[in-house]
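The block underneath contains the structure these notes are about, expressed in structure tokens.
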Amino acid sequence: MTQPFLSIKGIRKTYGQVIAVKNVTLDVAQGEFMTFLGPSGSGKSTTLYILAGFQDPTDGDILLNGQSLLSTPSHKRNIGMVFQRYTLFPHLTVGENVAFPLRIRRVGQAEIAERVSKALKLVRLEGFEDRKPALMSGGQQQRVALARALVYNPPVLLMDEPLSALDKKLREEIQFEIRRIHQETGVTILYVTHDQEEALRLSDRIAVFSQGEIDQIGTGQELYANPATHFVAGFIGDSNFINAEVLSSADGKAKLALPGGTVIDGVPMHAGKTGGKSASLLLRPERLSLSSHQVANGLAVTINDITFLGNNIEVSTRTGNGESLSVRLPFGHEAIASISRGDQAWLSFEPKSTHAFA
Amino acid sequence: MVVSATTDGGQRKIRRNGSFGYVVPALLLIAFFFIIPVLMLLMRSVLEPTPGLQNYRELLGSTTYLRVFMNTFTVAGLVTVVAVVIGFPVAWLLAIMPDKWSRLVMAIIILSMWTNLLARTYAWMVLLQRTGVVNKMLINLGIIDKPLALVNNLVGVTIGMTYIMLPFVILPLIGILKSIDPAVLRAAALCGANKRQCFTRVLLPLSLPGIASGALMVFVMSLGYYVTPALLGGTSNMMLAELVAQFVQSLVNWGMGGAAALVLLVVTLVLYAVQLKFLNPNRAR
Ligand SMILES: Nc1ncnc2c1ncn2[C@@H]1O[C@H](COP(=O)(O)OP(=O)(O)OP(=O)(O)O)[C@@H](O)[C@H]1O
Ligand SMILES: [Mg+2]
């Protein structure tokens, strides 16, 4: 196997009793857009800070092109970073901010001017050289920060929730810009977010963080279609979970009894730590079909509510033992006409497209 | 920027809605206890012993008095520099210390400010004298073998006044340093700046307004200081306030005393105007 471009090996970080990062191992290819996705406190920033050299790991190593980075101080790592908070130097103009890393590197005056204007052009802020950061909007400031982080051509660019302070529309606009910049420059990006939509939109691969560990790494589609854990299943895409009884399981497939007695077979089974007799069954709202008459192997539910959402319709239902399940149907689905609130209906699905987590 | 904008707006609102009448008693008080005495002093300085500007001419024309002016500026400048050099790192430590500890240290600093000035100055006299703790310690440590002259000279004045002025540098600087986001310094480090470059190119320029206003305050306060120079200084480095006291108390020369006091006041006001012009924190940067 060829040597990975960036390799994070068994990183662990504790603060006294607090475990910020339990065990993170991950390889990133050159030019890849890798996103760390996870809830607050799952150790995403800590991992990034260790990469940047602001913190030393309690254990583990980081290799860039096969060389350990840990003994190199931050200012010599040559890594770029955009922070969640605005970190432009307030006493310098936009142009001087972008020139800062080049000045430190003693690049010649003419080359600085040229590279600064190129970097500002890349983030579409030509002509803002003489502005002070305080007079720029949040989105503009983050774009300047991006230009400042890219102007010295770092091999790796770290971004720690750079858009979380912006409103939704602006966020989407800059996401688009970040994608374009990634494609234009080919820089390797490690991006942190807790917004799954942002992760799906931007990334080549996503690492899902949970409690200081990576639960699963894969493309958005892989994570959606084949979640490895209950947590990933719940975090990526919309999801329903119902309790089921495990009748038998072999070769990663299980036979399950659903509430109400329906038995389904051939469900992909992800054995967890418990390995007990009960499992949680993932049913994606858009993978469920609904019919107003009884169907074979169907799950009997009561219609709770029907909500029109534009191009699709969300039907919220309740199973016999009170678990709620939402179903998403395309607009104009024939079942809609024949059901109304309080009615009995039947849900059916392909067992092999679902997942059970023990 | 946002903060200053709202305070400006707030002040404007108060001015618009509030009645001017409320401030009249305060203005009267200031007029009675501050402006009138100053005017009286001004009158005496140009009227005694005979009407004219001869007091000012004598004061600004004689080398003896010019030496006093020079001394005053030297001491004030020295105290300012030393206070900033010591105060900046202390303020930085206090700014990055856990809140629990910094509050304790700040309480000690403020408590020292509340302690009687004379008591504090006498304490330094005891510490710094020939047989004082400082000299004894230095001798016992083998750093010196004869006691140093630490009082009744420039060294004594500088030490005593720096100690008194330090809080005026430290306290405002803590606020400024705390308002600097550590992420900005991290960004500088990733941009390639080493510790020294982070300090000279980011931290120092960002704290410059705080340093400058603290320094100016210390300088202006030092110019008119009396007690500490009188007790810890020698006769060869008399300061302006001591000169005023001598004119008024020993020589009963109100004309010269008033002139000296007014020169001091004018210098102070000029410096204050400079501060307002260049160091206004609300000025858009
Ligand atoms: N300096 C520190 N001292 C003590 N605990 C810390 C420290 N830094 C982080 N932690 C803890 O480590 C855990 C992980 O923190 P981290 O900032 O990496 O989370 P995160 O995934 O970035 O979350 P968020 O989305 O909120 O930014 C949290 O529980 C946090 O409280
Ligand atoms: Mg974080």
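Does A:Val156 satisfy the condition of being away from ligand 1 (no atom under 16 Å from the Cβ) and touching a residue at least 60 places away in the same chain (Cβ under 8 Å)?
Yes.
Residues in segment A:50-67 that are under 23 Å from A:Arg105 (Cβ atoms) and of a type outside the set (A, V, I, L, M, F, W, C): A:Gly53, A:Asn65, A:Gln67.
Which residues, counting only those in segment A:154-165, are more than 16 Å from ligand 2 (Cβ to nearest atom) and within 12 Å of chain B (Cβ to nearest Cβ)? Those that are more than 16 Å from ligand 2 (Cβ to nearest atom) and within 12 Å of chain B (Cβ to nearest Cβ): A:Pro154, A:Val156, A:Leu157. The set of residues in segment A:66-78 being touching a helix residue (DSSP H, G or I) at 6+ places or on another chain (Cβ under 6 Å) and closer than 18 Å to A:Leu190 by Cα consists of A:Ser74 alone. Take segment A:21-41 and flag every residue that is crowded, with 21+ Cβ neighbours inside 10 Å and within 10 Å of ligand 1 (Cβ to nearest atom). Of everything in segment A:21-41, those that are crowded, with 21+ Cβ neighbours inside 10 Å and within 10 Å of ligand 1 (Cβ to nearest atom) turn out to be A:Val21, A:Phe36, A:Leu37, A:Gly38. Against the numbered list (1) more than 27 Å from A:Gln141 (Cα to Cα); (2) in contact (Cβ under 8 Å) with a residue 40 or more places away in the chain; (3) in a helix (DSSP H, G or I); (4) of a type outside the set (Lys, Arg), B:Tyr225 comes up short only at (3). If you filter segment A:56-112 down to residues that are away from chain B (no Cβ under 14 Å) and on the phi > 0 side of the Ramachandran plot, you find that the one that is nearest to the chain's Cα centre (by Cα) is A:Gly60.
Only one of the numbered conditions (1) free of Cβ contacts under 8 Å to residues at least 24 places away in the same chain; (2) surrounded by fewer than 19 Cβ atoms within 10 Å (Cβ to Cβ) is violated by B:Met125, and that is (1). At least 3 residues being in the same structural domain as A:Pro268 (by TED's automatic domain parsing) and touching a Ser or Thr at 6+ places or on another chain (Cβ under 8 Å) is the threshold, and among the strands (runs of 3 or more DSSP E) wholly inside segment A:294-357 those reaching it are A:299-308, A:312-319, A:324-330, A:344-348.
Residue-wise test of (1) of a type in the set (Asp, Glu); (2) more than 8 Å from chain A (Cβ to nearest Cβ).
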| residue | (1), (2) |
| --- | --- |
| B:Tyr163 | no, yes |
| B:Asp181 | yes, no |
| B:Ala188 | no, no |
| B:Leu203 | no, yes |
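Counted as qualifying within segment A:179-289 are the strands (runs of 3 or more DSSP E) with 1 or more residues that are surrounded by fewer than 16 Cβ atoms within 10 Å (Cβ to Cβ), namely A:240-250, A:253-257, A:263-270, A:278-283. Which one of the conditions (1) surrounded by fewer than 22 Cβ atoms within 10 Å (Cβ to Cβ); (2) within 14 Å of another protein chain (Cβ to nearest Cβ) does B:Ser250 fail to meet, given that it meets all the rest? Among (1) surrounded by fewer than 22 Cβ atoms within 10 Å (Cβ to Cβ); (2) within 14 Å of another protein chain (Cβ to nearest Cβ), the lone unmet condition for B:Ser250 is (2).
The values are calculated or read from the model by the stated rules, or taken from the named source; none is laboratory data. For clarity, every value in this text was computed on a predicted model and none was experimentally measured. Cβ atoms come from the backbone with ideal geometry, glycine included; neighbour counts cover every protein chain shown.
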